[in-house]
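So the structure is just underneath, and the comments pick up after that.
Rule-based calculations on the coordinates, nothing more; no lab input. As the structure is a computational prediction, the values presented were derived from the model and not from experiment. Cβ placement follows ideal geometry from the backbone for every residue including glycine, while neighbour counts extend to all protein chains displayed.
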Amino acid sequence: MLRLWLSLLSGISTFLPVLAVHAYAPVLADAHSFANPSVFRVQHLDIDIAVDFVRQQLHGDVELHIQRITQTSSLAHTLILDTRDLQVHKVDRLDNNRWTPTIFSLGEAHPILGTPLSIPVLPNTQKVRIRYETSPDATGLQWLQPEQTAGKQHPFLYSQAQAIHARSFLPLQDSPQVRVTYKATIRTPSTVRAVMSANNTPAAPRNGIYTFAMPQPIPSYLIALAVGDLHFKAMGSRTGVYAELPYLEAATKEFEDTEKMLEVTETIFGPYAWDRYDILILPPSFPFGGMENPRLSFITPTIIAKDKSLVSLIAHELAHSWSGNLVTNASWNDLWLNEGFTTYLTYRIMELVYGKERWAMERVLGQQSLMSNRKSLAPSALSLVLKLDGHDPDDAFNEVPYEQGALFLFDLERQLGRPIFDNFLHQYFKHYRFKSLSSAEFFVYVQDTLGKKYPAKIDLQRVKKWLYSHQLPSDLPLVRSEAFTRIDATRNQFINQAISSEQLITITASWTVHEWLHFLNNMPAQLNLSHLKTLDQYFHLSETTNNEIAHSWLLLAIRHQFSPAFSRLKSYLLTIGRRKLIKPLYQELMGYPEGKKMAQEIYLEARPGYHYITQRTLDAIVRPAHK
Ligand SMILES: [Zn+2]
């Protein structure tokens, strides 16, 4: 998913035949799943569920097609699945083509992992069918009232399965090492439309019964569903937008370069494996920038800026079609394999589509964000390879797997030269296509390929340090932006009152969003209120429609207790649920008594509209006494 290269201050044509896909790699430990995929593999799901907006529950059946991997294990009599807060009504088993009811047992609930569901199976069991319903508090689902949507007429539901929330709406082997294909029938009120991370059919009649097929095998965290007053508009031959009507035109315009992004990525990294690439615009409460659900990325509306300034997020989610969705981290300890590669690819796509100058600015913002974020992290979170046993994997989504992972790959590119590195990436995506791998396997692959072919160019010890050390090398492949050097000079003049407001207006007239962000994000800790007044008076920053600039401005305003910006601050916190944009604002408010009071008052009102993941993060900041 995308977290965020811009935050400086906080701390899917071709139907692929299902080949080679179920040739399993040896199962590696996954501390975040109860499942036993070394004994049984779930290969396919047939989902038939109803969406009940009144009770805020999904209910129905899921059939799991299972394959026995070993006969010898003492565990070969029990299929263990992951669940969280599911009510399981009934389990049937298909043995020798005959369905029979079977007993089952739910284990003890674990605060992070949920509850294991154990189902006894026979040597000839082919499928199990589970009748269940979700809890209204399912951590992977957000139910929105009509007034929380853009259109205000219809309710909205969306799922967010990464990292381990799929188990809160489907009983399954919830590990990134297990890939499944799926078919689904989703039953909804006939006023809304369902879409999934599968083959969506925009022309399907709005009749309350929607069917889907996902023929390519995907890990559980990529199973996704959304239901709302959704409409479709094509952008290119393989790309389009699903959105509520108030967003549809603006989003289609904003993201019109998506088809081009898809084409340039294919030319370097190999063919796109997922048929179509569509974008779903979610309501603003979505906790992330985007989620790379295959064939249908889920995207926050907060990046519709009307000037394409924030579209690197689309490049990021699209890049996941190779890094993450096609080649997947074996466990959440290896998250950098998904996010570091994707961040690297994002920069490459942005360079190809928007040019070197923007590429340099975005890289510098990413570097600054990483360095700032590293200061607030525990040493154990500073290496690419993590040890998340006992921790919620949602906590691993900071800048280290993203920006530090990308820096490592830029370091490899520097050692080898771009043509060799591009060829390596192309081969890597081909080799691990529809597979999961660990960081240790990645190292062996690098050793066997680059290490053997280019021993004089690649320093394998350095590669190992990048993976496992908490320290960064002293000679990082950092980028400088000339445009930003000019901004630094202007900022100094502004702070020292060496230029008039009129001169500042002239200088800033050609600034891009990135230049504004660099200008605001690097202000000194102490500014005079007169500086803030000037910025607001001449540039109307409290009213900016760009949510990233608003974020940077509001952070400055809180830091200096600049009250004219506080009514925008309140409306910002009440309407946006994207964690990256609002967490730093709450953190800053909590730093002084009046701010703390304001944070608590706003949070009380805003919390019901936030997603579970955002609530969990903010509860720890705004009301630590309650948790
Ligand atoms: Zn991502």
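Of the peptides 578-584, 109-115, 277-283, 524-530, the order by per-residue mean of other Cβ atoms within 10 Å, starting with the highest, comes out as 277-283, 578-584, 109-115, 524-530. Full extension of the chain segment joining GLU249 with LEU574 gains 114.5 nm, where the gain is 0.36 nm per residue of separation less the Cα-Cα distance. Each listed q (0.18 Å⁻¹) maps to a log10 I(q)/I(0) for region 120-270 from the Debye sum over equal C-alpha point scatterers, namely -1.28.
Label-to-label distance for ARG55 and ASN528 is 6.5 nm, based on points extended 7 Å past Cα in the beta-carbon direction. Could you tell me the center-to-center distance, by alpha carbons, between region 481-513 and region 325-371 in angstrom? Answer, in whole Å: 28. Selection among LEU79, ALA251, THR490 by position relative to the dipole of the chain gives LEU79 as farthest towards the positive end (Cβ unit charges, Cα centre).
Global dimensions of region 61-169 from alpha-carbon coordinates: Rg and Dmax equal 17.0, 57 Å. Here the label points at ALA29 and LEU604, each 7 Å from Cα along the C-beta direction, are separated by 4.6 nm in the simple model. The Kirkwood radius of region 324-380, taken over pairs of alpha-carbon atoms, gives through the Stokes-Einstein law at 4 °C and 1.567 mPa s a diffusion coefficient of 100 µm² s⁻¹. Could you tell me the calculated FRET efficiency between ILE507 and MET371, based on Cβ-Cβ distance and R0 = 35 angstrom, to the nearest 0.05? That pair, ILE507 with MET371, gives E of 0.85. In sequence order, region 504-512 has phi-based couplings of 4, 4, 5, 4, 7, 4, 9, 5, 8 Hz under the Karplus curve 6.51 cos²θ - 1.76 cosθ + 1.60, θ = phi - 60°, and Gly or Pro positions carry x. Peptide packing: for 223-231, 388-396, the average count of neighbouring Cβ atoms within 10 Å per residue gives the ranking 223-231, 388-396, highest mean first. Shown is the FRET efficiency for ASP422 and ALA620, computed with R0 = 51 Å from the Cβ-Cβ distance and rounded to the nearest 0.05: 0.75. Taken about its Cα centre, the chain carries a charge dipole of about 540 debye when Lys and Arg each add +1 at the Cβ and Asp and Glu each add -1 at the Cβ.
Extending 7 Å from Cα along the Cβ direction at ALA76 and again at ASP307 yields two label points whose distance is 6.5 nm.
HIS320 sits among other residues whose Cβ lies under 12 Å from its own Cβ, and their net charge, with Lys and Arg +1 and Asp and Glu -1, is -2.
For the peptides 481-489, 540-548, 125-133, the ranking by mean Cβ contacts within 10 Å, running from highest to lowest, is 125-133, 540-548, 481-489. Per-residue extension of 0.36 nm, minus the Cα-Cα distance of ARG98 and ASN492, leaves a gain of 134.1 nm for this segment. Available extension along the chain between GLU108 and HIS391 is 100.1 nm, counting 0.36 nm per residue and deducting the alpha carbon span. Report the number of Lys pairs in region 482-626 whose alpha-carbons are under 17 Å apart, with separation of 8 or more residues or on distinct chains. Step by step, the pairs that qualify in region 482-626 add up to 6.
Straight-line reach from LYS260: taking Cα to Cα under 20 Å and skipping same-chain neighbours fewer than 8 places apart, the lysines in range are LYS233, LYS306, LYS308, LYS356.
Ranking MET291, PHE40, THR265 by Cα position along the charge dipole of the chain, where only Lys, Arg, Asp and Glu carry charges on their C-beta atoms, puts PHE40 farthest toward the positive end. Working value for the chain: equivalent-ellipsoid semi-axes of 40, 29, 23 Å, each the square root of 5 times a Cα gyration tensor eigenvalue, largest first. Close amide H partners of LEU472, meaning residues 5 or more places away or on another chain with modelled amide H under 5 Å apart, do not exist here. Straight-line reach from LYS464: taking Cα to Cα under 19 Å and skipping same-chain neighbours fewer than 8 places apart, the aspartates and glutamates in range are ASP334, GLU339, GLU403, ASP411, GLU413, GLU441, ASP448, ASP475. Over region 192-270, the hull volume per residue, using the convex hull of the C-alpha atoms, is 118 Å³.
Note: region 482-626, Cα convex hull, 109 Å³ per residue. Listed by chain and number, the lysines whose alpha-carbon sits under 19 Å from that of LYS183, ignoring those within fewer than 8 places in the same chain, are LYS127.
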